[in-house]
Amino acid sequence: MTKIKICGMTCENDIHYANEYLPDYVGFVLYFPKSRRNISMETARHLLKMLRPEIKSVAVVVSPDKEQVKKITAAGFDQIQIHGMMTEEVYREIKIPILRAFNVSDLSSFSEYEKKEKITGYVFDSKKPGSGKTFDWNQVIPLRKKGTKKIFLAGGLDETNVKKAMREVKPDVIDLSSAVERPDVNGKCGGKDPEKMKIIIRMVHDEK
């Protein structure tokens, strides 16, 4: 069964909706103040305590350092999703499964990461991650066929195209954020929309 990840959880209401509609994964943006979905580690720890244990928690970070990785592990996250740089020093420090994120303009390192055992999956996103824009899925399909790790497909997915993405790319996990959000409030993320979450989670979990 195709699984679904809802990224960019920011508040208690988001967790309540996740606990009700049961996505397979939820993501929390950390240490990246440029993102309107960025939250503090203190907030993340509080939200993790509320999350049902069967939902996997993912710390989403950009070019993390060793101290950040240690704090993420100590907080109890199930996985870490890394955008940007990942040094060998940081890789060695990580004790939980890694999702390595790529945008479609940077796939040259794909074969290198296939050899790294801690990397259990890849997140393929548009050139500007978090933009809510799709990209040419034909760039991912060949990698899907030859890779051995989970494929998370992100970038502009919503109720209008998620079934098509599942048919054409056959990802292990559908990964989205903006498609299930309320409008921003005063420039800040407005949080998740429960009705949108319910609709798209059911669409993904219903394989018909």
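The values are calculated or read from the model by the stated rules, or taken from the named source; none is laboratory data. Note that this is a predicted model, so its numbers are computed, not measured. Positions of Cβ are generated from backbone atoms using ideal geometry, with glycine treated the same way; all protein chains shown enter the neighbour counts. For the accessible areas, the whole protein counts, side chains as well, though only heavy atoms, and no ligand, DNA or RNA atoms are used. Shrake-Rupley method; radii C 1.70, N 1.55, O 1.52, S 1.80 Å.
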- Query: Using 0.36 nm per residue, how much length does the chain from ILE199 to THR43 gain when fully extended, once their Cα-Cα distance is taken away?
  - Reply: 53.5 nm
- Note on the structure: Going through LYS70/LYS188; LYS118/LYS188; LYS34/LYS115; LYS5/LYS34 one by one, the pairs whose alpha carbons sit over 26 Å apart turn out to be LYS70/LYS188; LYS118/LYS188; LYS34/LYS115
- Pairs LYS163/LYS192; LYS66/LYS196; LYS71/LYS149: which are spaced more than 31 Å apart, C-alpha to C-alpha? LYS66/LYS196
- 222 nm [θ] for the chain, helices only, -39500 (n - 2.57) per DSSP H run of 4+, per residue, to 500? -8500 deg cm²/dmol
- Task: With a Förster radius of 35 Å, plug the Cβ-Cβ distance of THR73 and LYS164 into 1/(1 + (r/R0)^6) and report the FRET value to the nearest 0.05.
- Result: 0.40
- Task: Using label points projected 7 Å from each Cα along Cα→Cβ, tell me how many nm separate GLU93 and PHE110, to one decimal.
- Result: 3.0
- Query: Of all the accessible heavy-atom surface of segment 1-98, with the other protein chains kept in place and a 1.4 Å probe, what percent is carbon and sulfur?
  - Reply: 50
- Item | Structure-derived percent of Cα pairs over 28 Å apart - corresponding label in [x] 25; [y] 35; [z] 21 | [z]
- For the chain, report the accessible area per residue in Å² (1.4 Å probe, heavy atoms, rounded to an integer). 50
- Using a simple spin-label model with points 7 Å from Cα along the Cα→Cβ vector, what separation in nm is obtained for ASN138 and CYS11? 4.3
